[in-house]
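Chemist: There's a structure below that I have some questions on.
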Amino acid sequence: MSNCHLTPIDLTDPSQSTELAHQRRLCGWDYDPATLTTWKQRQIEGSKLLFWIVTSSTSSSPSPSSSSSNTPKPTSTSTTDPKPATLCGHISLEPTPTTTPKTFSIKTLFIHPSHRRGGTGRQAMQLIEKEASVRGAQWLELTALSKRYVYDDGPQWRGIWETKFGIAPPAFSVQEWYEGMGFVVWKEEPVTEERALDGEVVFLWEAFMRKGL
């Protein structure tokens with residue numbers, strides 16, 4: 001059975017900084033040194049909280065080998081054989097200043113491809129909700145690509161992926177995934193800037209979502 005917990009990221013630790021940069025490159029954005037340096041400064045200031053998503057499991061079979069760079073030693077005392085804990089992703093939490101009631105935002109959620117579809121992301125979201133609650137949050141906010149890009153026909157929605165970017169449409173809706181965890185949309189805006197194959201700047205619509213805690 002897989003287990004998931006969060007542990008704070010320490011970007012003053014070079015090995016953790018290197019691992020986060022590696023995961024950001026896998027994610028595909030916000031991996032440049034300038035961005036990560038800003039994250040480190042904001043972490044020191046307390047305006048950005050970063051957590052590793054750590055998974056471990058127990059099995060009656062021997063544990064497989066894994067890289068030591070992102071594999072902390074297991075602490076389980078189970079009678080079954082513990083598999084090594086793994087840093088399978090990361091998630092961030094940011095207080096939204098001058099908001100009443102008190103609100104926190106999830107700005108980053110990354111799950112390594114090899115750990116997706118097993119419930120790790122859902123567990124991580126449940127844990128980050130608890131982290132926000134203990135800090136006094138009454139609302140949790142995030143943004144997600146509008147599900148119209150998955151379900152609505154037309155050149156400005158599903159058609160935009162092939163005509164503008166030369167790729168297939170998304171296989172599933174991230175917005176819909178968050179809706180399944182109780183988040184609701186309160187507005188949509190074209191805010192995410194992308195560049196088309198011909199150089200045109202395209203702004204993709206994002207759903208602004210929130211959930212009461």
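The values are calculated or read from the model by the stated rules, or taken from the named source; none is laboratory data. These figures come from a predicted structure and were not determined experimentally. Cβ coordinates were reconstructed from backbone atoms using ideal geometry, including for glycine residues, and neighbour counts include every protein chain displayed.
Chemist: Does the stretch 173-202 hold any residues that are among the hydrophobic types (A, V, I, L, M, F, W, C) and within 21 Å of the chain's Cα centre (by Cα), and which are they?
Modeler: Listed by number, the residues that qualify are Val174, Trp177, Met181, Phe183, Val184, Val185, Trp186, Val191.
Chemist: If the requirement is being closer than 26 Å to Arg42 by Cα and not hydroxyl-bearing (Ser, Thr, Tyr), which of these qualifies: Phe183, Phe104?
Modeler: Phe104
Chemist: What are the residue pairs meeting all of these: first residue in the stretch 120-145, first residue within 12 Å of Leu93 (Cα to Cα), second residue among the acidic types (Asp, Glu), Cβ atoms under 8 Å, and 6 or more apart or on different chains?
Modeler: Listed by first residue and then by second, the contacts come to Leu140/Glu129.
Chemist: Now for a separate question. All but one of (1) modelled with pLDDT under 95; (2) crowded, with 16+ Cβ neighbours inside 10 Å; (3) β-branched (Val, Ile, Thr) hold for Ile44, so report the exception by its number.
Modeler: Unmet for Ile44, out of (1) modelled with pLDDT under 95; (2) crowded, with 16+ Cβ neighbours inside 10 Å; (3) β-branched (Val, Ile, Thr): (2).
Chemist: Of everything in the stretch 144-160, what is closer than 19 Å to Trp177 by Cβ and among the small types (Gly, Ala, Ser)? Give them in sequence order.
Modeler: Ala144, Ser146
Chemist: Moving to a separate point now. Assess whether Glu188 counts as being among the acidic types (Asp, Glu), closer than 22 Å to Thr108 by Cβ and not assigned by TED's automatic domain parsing to the domain that holds Met125.
Modeler: When the stated conditions are applied, Glu188 passes them.
Chemist: Are any of the residues in the stretch 103-124 assigned by TED's automatic domain parsing to the domain that holds Ala21, touching a Cys at 6+ places or on another chain (Cβ under 7 Å) and polar (S, T, N, Q)?
Modeler: Within the stretch 103-124 (the criterion being assigned by TED's automatic domain parsing to the domain that holds Ala21, touching a Cys at 6+ places or on another chain (Cβ under 7 Å) and polar (S, T, N, Q)), the answer is yes, since at least one residue qualifies.
Chemist: So in the stretch 126-143, with the set limited to residues that are of a type in the set (S, T, N, Q) and not in a loop (DSSP other than H, G, I, E, B), which one is nearest to Glu179 (Cα to Cα)?
Modeler: If we take residues in the stretch 126-143 being of a type in the set (S, T, N, Q) and not in a loop (DSSP other than H, G, I, E, B), then Thr143 is nearest to Glu179 (Cα to Cα).
Chemist: Looking at the stretch 57-67, can you tell me whether even one residue there is in a loop (DSSP other than H, G, I, E, B) and at pLDDT 95 or above?
Modeler: Within the stretch 57-67 (the criterion being in a loop (DSSP other than H, G, I, E, B) and at pLDDT 95 or above), the answer is no, since none of the residues qualifies.
Chemist: Quickly run through the stretch 20-29 and pick out the residues that are exposed (fewer than 15 other Cβ atoms within 10 Å of the Cβ) and under 17 Å from Thr192 (Cα atoms).
Modeler: Gly28, Trp29
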